[in-house]
Amino acid sequence: MIALIHAIVAAILAWWVLDLNPLTWALALFALYPLLRLFGAVIPRLRAYARRFEVGALFIPWYAWKVVGASWDVARIVLNPRHVVSPAVVSVALHTEDKRLITLLACLVTLTPGTLALDYRGRLMYIHVLDTSSVESVQQQMWDIEKRILAWVNPMGERHDG
C-alpha cells in the first residue's frame, strides 16, 4: 500500500514539475526540502529523502570540481613535453559488494579524465591511471568517491546487497 501511495505521489509531482519553468522548479525544491526535514523528525523515510537531497546536492558540485581538476591535470601533462608520465593499473579494494554501486563507481571513474575503470572482480576494481606518483593516493581518491556515493545512495546506512 505504501508503495502505491509513493508511486501516485511521485507521478503527481513529476507531472507538476514538468510544467514548471526552471526558477519555479528550484523554488519548489527549496520549499519542499524544509518540509521533508520537518516531517522527517517523525517519519524516518522522509528523513532519508531529505538526507539524500543534502548529500546529492553536495556530491554533484564536488564531482564536477574533480572532473575540472582532472581535466586541468591532463591538459598540463599533454602540453608539457618534458613531463615524464607514470601510468599505472591500480587495484582498489572496495567496501561495497553491490554490483550496481560498483558499476556506478566504475562509470564515474571512467568519466574522470586520465582514469579508466578496467574490470572488477568481487570487491576488487582495477583502474588505469594516466599519471600517478603513488598507489595509495589513487586508492584514497577512489575510496573518497565510494564513500560519497554510498552516503548518497544509503543515507541512513541501509544495506544493499545486489
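Residues in the range 92-119 that are over 12 Å from Glu146 (Cβ atoms) and hydroxyl-bearing (Ser, Thr, Tyr): Thr103, Thr110, Thr112, Thr115. With respect to Arg76, determine if the residue is over 30 Å from Arg37 (Cβ atoms) and open to solvent by 40 Å² or more (accessible area, probe 1.4 Å). So Arg76 passes the test.
Being free of Cβ contacts under 8 Å to residues at least 60 places away in the same chain and open to solvent by less than 50 Å² (accessible area, probe 1.4 Å) is a property that does not hold for Ser133. Name the residue that is modelled with the highest pLDDT, counting only residues in the range 136-162 that are touching a Lys or Arg at 6+ places or on another chain (Cβ under 7 Å) and surrounded by 13 or more Cβ atoms within 10 Å (Cβ to Cβ). My answer is Trp152.
Per-residue answers, yes or no, for (1) touching a His at 6+ places or on another chain (Cβ under 7 Å); (2) in a helix (DSSP H, G or I); (3) farther than 28 Å from Glu54 by Cα; (4) among the acidic types (Asp, Glu):
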position	(1), (2), (3), (4)
Leu116	yes, no, yes, no
His128	no, no, yes, no
Thr132	no, no, yes, no
Glu136	no, yes, yes, yes
Trp143	no, yes, no, no
Arg148	no, yes, no, no
Ala151	no, yes, no, no
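The values are calculated or read from the model by the stated rules, or taken from the named source; none is laboratory data. Source: prediction; values computed, not measured. Glycine also receives a Cβ, built like all others from the backbone with ideal geometry; neighbour counts cover every protein chain displayed. All accessible areas refer to the heavy atoms of the entire protein, side chains included, with ligands and DNA or RNA removed. Shrake-Rupley method; radii C 1.70, N 1.55, O 1.52, S 1.80 Å.
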